[in-house]
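Chemist: Have a look at the structure that comes next, please.
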Amino acid sequence: KKSSKAEGAMGLLNALVFKPLFVLVGFLYPTYQSYKALESNRTDAAAEWLTYWVTFSLFTVIELVGGSLLSWIPFYSFLKLGFLSWLLLPKFKGASKLYQSGVQPLIRKHEAKIDQGLNQGYETAMSFQKNGLAAITQRFTSSGQRTN
């Protein structure tokens, strides 16, 4: 019973404290700072925040894919809050460090394959838009149903 009470308390703490903090620290503050950087016309500031968004986006994808495993890490919410703070605080320049040491070399290594996959995805989507919607439209008009 102690375990289930502790799990319940942690779930409540996550819902009431950490999730709003993650939104504030991970999204709202960086969004506002990105806006300020764009409005200042300082390319260095804009590049700094763009670097944050690239690293944060990849972290979010990793978290979505491995979420069930990550949730088992003790004090994961505290660690995540610390990691997000490290990424965005100018004192640490975590996003720049992570981008230069990990993200950039990884993407460069696979850039041609990524571009090829994106192009194929785009072509498939355009083909479906052209042919798929026409086939659907033809199906409904040939069965006597109205299309509008």
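The values are calculated or read from the model by the stated rules, or taken from the named source; none is laboratory data. Nothing here was measured: the structure is a model prediction, and the numbers come from that model. In this analysis, Cβ positions are derived from the backbone assuming ideal geometry, glycine residues included, and neighbour counts consider all displayed protein chains. Please note that ligands, DNA and RNA were not included when accessible areas were found on the heavy atoms of the full protein model with its side chains. Shrake-Rupley method; radii C 1.70, N 1.55, O 1.52, S 1.80 Å.
Chemist: From the phi of every residue in the range 67-74, what ³J(HN,Hα) in whole Hz does the Karplus formula 6.51 cos²θ - 1.76 cosθ + 1.60 yield, where θ is phi - 60° and glycine or proline is x?
Modeler: Residue by residue, the range 67-74 yields x, 5, 6, 5, 5, 7, 6, x Hz.
Chemist: Right, next: Rank these residues by their accessible area, most exposed first, probe 1.4 Å: Arg108, Arg42. Walk me through the intermediate numbers first.
Modeler: Numbers: Arg108 160, Arg42 125 Å².
The ordering from most to least exposed comes out as Arg108, Arg42.
Chemist: Once the whole set of protein chains is in place, how much accessible area is left on Ile62, using a 1.4 Å probe, in Å² to the nearest 10?
Modeler: Rounded to the nearest 10, the figure is 110 Å².
Chemist: Still on this structure, I have one more. What FRET efficiency, computed as 1/(1 + (r/R0)^6) with R0 = 30 Å and r the Cβ-Cβ distance, is obtained for Ala47 and Ile73, rounded to the nearest 0.05?
Modeler: Numbers: r = 32 Å, r/R0 = 1.07.
The pair Ala47/Ile73 has a calculated efficiency of 0.40.
Chemist: Then there is this: Using the Karplus curve 6.51 cos²θ - 1.76 cosθ + 1.60 with θ = phi - 60°, work out ³J(HN,Hα) for each residue of the range 102-109 in order, rounded to whole Hz, and write x for Gly and Pro.
Modeler: 3J(HN,Hα) across the range 102-109, in whole Hz: x, 5, 4, x, 5, 5, 4, 4.
Chemist: Out of these labelled values of P(r) over Cα pairs in 5 Å bins from 0, in percent, [x] 2, 9, 17, 20, 19, 17, 11, 4, 1; [y] 2, 8, 14, 13, 11, 8, 8, 6, 6, 5, 5, 4, 4, 3, 2, 1, 0, 0; [z] 2, 8, 11, 14, 12, 11, 10, 8, 8, 7, 5, 3, 1, 0, which was calculated from the coordinates shown here?
Modeler: Computed from the coordinates, P(r) over Cα pairs in 5 Å bins from 0, in percent corresponds to [z].
Chemist: So if I place +1 on the C-beta of Lys and Arg and -1 on the C-beta of Asp and Glu, and nothing else carries charge, what would the dipole magnitude of the chain be about its Cα centre? I want it in debye, nearest 20. Display every interim value, and only then the final one.
Modeler: Values: 16 positive and 8 negative charges, 85 e Å.
Roughly 400 debye, rounded to the nearest 20.
Chemist: A follow-up question, please. So which chymotrypsin sites (Phe, Trp or Tyr not before Pro) in the range 1-85 are both in a DSSP loop and have at most 14 other Cβ atoms within 10 Å of their Cβ?
Modeler: Details: sites: Phe18, Phe22, Phe27, Tyr32, Tyr35, Trp49, Tyr52, Trp53, Phe56, Phe59, Trp72, Phe75, Tyr76, Phe78, Phe83; in loops: Trp72, Phe75.
Of the chymotrypsin sites (Phe, Trp or Tyr not before Pro), the ones in loops of the range 1-85 whose Cβ has at most 14 other Cβ atoms within 10 Å are Trp72, Phe75.
Chemist: Determine the order of Val25, Val54, Val61 by accessible area, beginning with the largest, at a probe radius of 1.4 Å.
Modeler: Values: Val25 30, Val54 50, Val61 80 Å².
I get Val61, Val54, Val25, largest accessible area first.
Chemist: On to the next question. Note down the nm distance, to one decimal, between modelled labels 7 Å out along Cα→Cβ at Lys91 and at Ser40.
Modeler: 1.9
Chemist: Which value, in debye to the nearest 20, describes the size of the charge dipole of the range 54-117 about its Cα centre when Lys and Arg Cβ atoms bear +1, Asp and Glu Cβ atoms bear -1, and nothing else is charged?
Modeler: Values: 7 positive and 3 negative charges, 50 e Å.
For this selection, approximately 240 debye.
Chemist: Shifting gears a bit: Against the longest principal axis of the chain, how steep is helix 2-13, in degrees 0 to 90 to the nearest 10, with axes from Cα atoms?
Modeler: Between helix and principal axis, roughly 70 degrees.
Chemist: Here's a follow-up. Which value, in Å², gives the accessible area per residue of the chain when a 1.4 Å probe is used on the protein heavy atoms? Kindly include the intermediate steps, with their values, before the conclusion.
Modeler: Details: 11360 Å² over 148 residues.
Accessible area per residue: 77 Å².
Chemist: Percent of accessible area on the range 6-65 owned by carbon and sulfur, 1.4 Å probe? Could the numbers behind the result be given before it?
Modeler: Numbers: 2860 of 4010 Å².
Roughly 71 percent, rounded to a whole number.
Chemist: With all distinct Cα pairs included, what does the Kirkwood hydrodynamic radius of the range 1-79 come out to in Å, to one decimal, could you say?
Modeler: Details: mean 1/r = 0.0683 Å⁻¹.
Mean inverse Cα-Cα distance, inverted, gives 14.6 Å.
Chemist: Quote the accessible area belonging to Thr60 in square angstrom, nearest 10, computed with a 1.4 Å probe and with ligands, DNA and RNA left uncounted.
Modeler: For Thr60, solvent-accessible area is about 40 Å².
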